[in-house]
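Remarks on the structure that follows.
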Amino acid sequence: MLLQDKVVLITGGSQGIGAGAALGCAEHGAHVAINYHGNSADAEKVVAEVRKKGRRAIAVKGDVADASTATAFVKAAVQEFGKVDVFVSNAGICPFHSFLDMPQETLERTLKVNLHGAYYMTQAAANQMKDQGHGGSIVAISSISALVGGEYQTHYTPTKAGVHSLMQSCAIALGRYGIRCNSVMPGTIATSINKEDLAQPGKREYMEGRIPLGRLGRPDDVAGCVVFLASDLARYVTGASVLVDGGLFVNLQ
Ligand SMILES: NC(=O)C1=CN([C@@H]2O[C@H](COP(=O)(O)OP(=O)(O)OC[C@H]3O[C@@H](n4cnc5c(N)ncnc54)[C@H](O)[C@@H]3O)[C@@H](O)[C@H]2O)C=CC1
Ligand SMILES: C[C@H](O)[C@@H]1OC(=O)[C@H](O)[C@@H]1O
């Protein structure tokens with residue numbers, strides 16, 4: 001058990017990579033608080049699955065783009081569990097769109113959810129960890145897209161580079177409090193964020209063909225890396241990033 005009785009907070013935890021991280025952390029002994037935006041039934045399903053594993057869980061609704069969601073989420077988690085040990089910044093959107101006619105509202109919403117949201121949440125979690133006085137671990141779900149571009153992701157890839165950069169700077173700002181900050185860079189993980197994109201004729205097969213391990217990723221593939229970075233096994237790891245992409249990034253030709 002790498003996270004026995006640790007309290008883990010995860011944004012966007014009701015589905016996909018966030019839900020996978022919640023279950024992965026619970027399997028390693030953690031109690032979990034998930035933030036979610038939208039469907040309460042999905043959030044309650046994750047809460048029920050965590051409880052089935054004998055761990056405690058709560059779900060707190062809120063839009064991460066709104067700064068007050070961050071303080072309310074941390075407050076609710078502390079009320080329930082008494083502390084915050086690990087924060088996973090996961091919530092994100094990627095509404096695929098071409099560059100030359102990108103609607104301003106799509107650009108601004110993507111920046112607000114993915115980057116401002118990560119900032120507010122990281123800040124609220126870090127303040128709580130600092131006040132507790134026994135360190136902590138912050139893991140941001142960045143992306144392989146922090147390192148490479150995407151024709152229909154010109155609004156999205158800068159947010160993923162930004163989240164990675166946020167972890168690097170926070171590693172410096174928070175090291176003196178024993179708070180570690182790292183990012184995970186998933187490749188292509190089959191979730192609802194890319195369901196439509198991967199449904200285009202030949203796209204899924206094309207992506208699978210580019211991945212040396214021969215398949216798209218699953219949320220539980222990412223969870224293993226989150227658990228590791230959250231745990232004391234990674235006690236001397238901060239300001240780092242880990243690609244979880246089946247080898248996609250290194251496959252030039
Ligand atoms: N699926 C993939 O191939 C990759 C995904 N990622 C990142 O992983 C993270 C999770 O995405 P997936 O699980 O793949 O997609 P997903 O669409 O299944 O999950 C996204 C989650 O974020 C939540 N969310 C969206 N807007 C929110 C808001 N304003 N406030 C609170 N929660 C909000 C959604 O409700 C959902 O739970 C995102 O940050 C994404 O950028 C990174 C690399 C690859
Ligand atoms: C949503 C995309 O399929 C996915 O998001 C990322 O961050 C990856 O780089 C993929 O492009």
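The values are calculated or read from the model by the stated rules, or taken from the named source; none is laboratory data. Since this is a predicted model, take the numbers as computed values, not measurements. As a convention, Cβ positions derive from the backbone with ideal geometry for all residues, glycine included, and neighbour counts pool all protein chains shown. Just so you know, the surface numbers come from the protein's heavy atoms only, side chains and all, with ligands and any DNA or RNA stripped out. Shrake-Rupley method; radii C 1.70, N 1.55, O 1.52, S 1.80 Å.
Debye calculation, C-alpha points only, no solvent: report log10 I(q)/I(0) for segment 129-187 at q = 0.17, 0.30, 0.31 Å⁻¹, in the same order as the q values.
Each listed q corresponds, in turn, to -0.57, -1.11, -1.15.
Roughly how big is the chain's charge dipole about its Cα centre, with Cβ charges of +1 (Lys, Arg) and -1 (Asp, Glu), in debye to the nearest 20?
Details: 23 positive and 22 negative charges, 128 e Å.
In debye, rounded to 20, the chain gives about 620.
For a quick check of understanding: with a 1.4 angstrom probe and all protein chains in place, what accessible area in square angstrom does Tyr177 have, to the nearest ten?
Tyr177 exposes around 90 Å² with every protein chain in place.
Take the alpha-carbon centre of segment 79-103, take the same for segment 37-75, and report the distance between them in whole Å.
First find each Cα centre; the distance between them is then 13 Å.
Would you mind checking Lys6/Lys52; Lys112/Lys160; Lys75/Lys130; Lys52/Lys112; Lys6/Lys45 for any pair whose Cα atoms are more than 23 angstrom apart?
Values: Lys6/Lys52 17 Å; Lys112/Lys160 12 Å; Lys75/Lys130 14 Å; Lys52/Lys112 34 Å; Lys6/Lys45 21 Å.
Where the Cα-Cα span goes over 23 Å, the pairs concerned are Lys52/Lys112.
Would you grab the residues whose amide H sits under 5 Å from the one on Ile58? Only those 5+ places off in sequence or on another chain, please, with H modelled 1.01 Å from N.
Placed amide hydrogens put Val32, Ala33, Ile34 under 5 Å from Ile58.
Along the positive direction of the dipole of segment 104-179 (beta-carbon charges: Lys, Arg +1; Asp, Glu -1; about the Cα centre), which of Gly162, His116, Ala140 reaches farthest?
Going by the Cα projections, it comes out as Ala140.
Please report the accessible area of Ile193 (heavy atoms, 1.4 Å probe, ligands and nucleic acids excluded) in Å², nearest 10.
Approximately 70 Å² of Ile193 is accessible to the 1.4 Å probe.
Take the Cα gyration tensor of segment 7-252, multiply each eigenvalue by 5, square-root it, and list the three semi-axes largest first, rounded to whole angstrom. Each step should come with its number before you reach the end.
On the way: eigenvalues 149, 72, 70 Å².
Values for segment 7-252, descending: 27, 19, 19 Å.
Once you put a point 7 Å from the Cα of Lys53 and another 7 Å from the Cα of Lys83, both along the Cβ direction, what distance in nm separates them?
2.0 nm
Whole number please: convex hull volume per residue of the Cα set in segment 46-153, in Å³?
Details: hull volume 13.5 nm³, N = 108.
Normalising the Cα hull of segment 46-153 by residue number yields 125 Å³.
Going highest first, how would you order 41-50, 134-143, 157-166, 16-25 by mean Cβ packing within 10 Å?
Final packing ranking: 16-25, 134-143, 157-166, 41-50.
What trypsin sites (Lys or Arg not before Pro) does segment 183-251 have in DSSP loop regions with at most 11 other beta carbons within 10 Å?
Details: sites: Lys195, Lys203, Arg204, Arg210, Arg215, Arg235; in loops: Arg215, Arg235.
Loop-located and lightly packed - Arg235.
Roughly how many Å is it from the Cα centre of segment 1-26 to that of segment 182-253, as a whole number?
Each part's Cα centre sits 17 Å from the other's.
Over the Cα atoms of segment 121-253, each weighted equally, I'd like the Debye log10 I(q)/I(0) at q = 0.10, 0.11, 0.18, 0.20 Å⁻¹, rounded to two decimals.
-0.37, -0.44, -0.99, -1.15
Looking at Ala173, Val84, Thr188, which one has the Cα that reaches farthest to the positive end of the dipole of segment 7-252 (charges on Cβ: Lys, Arg +1; Asp, Glu -1)?
Farthest along the dipole direction, towards plus: Val84.
Hey, got the dipole for segment 1-102? About the Cα centre, +1 on K and R Cβ, -1 on D and E Cβ, debye to the nearest 20? Numbers along the way, then the final one.
Details: 10 positive and 10 negative charges, 90 e Å.
Its charge dipole is roughly 440 debye.
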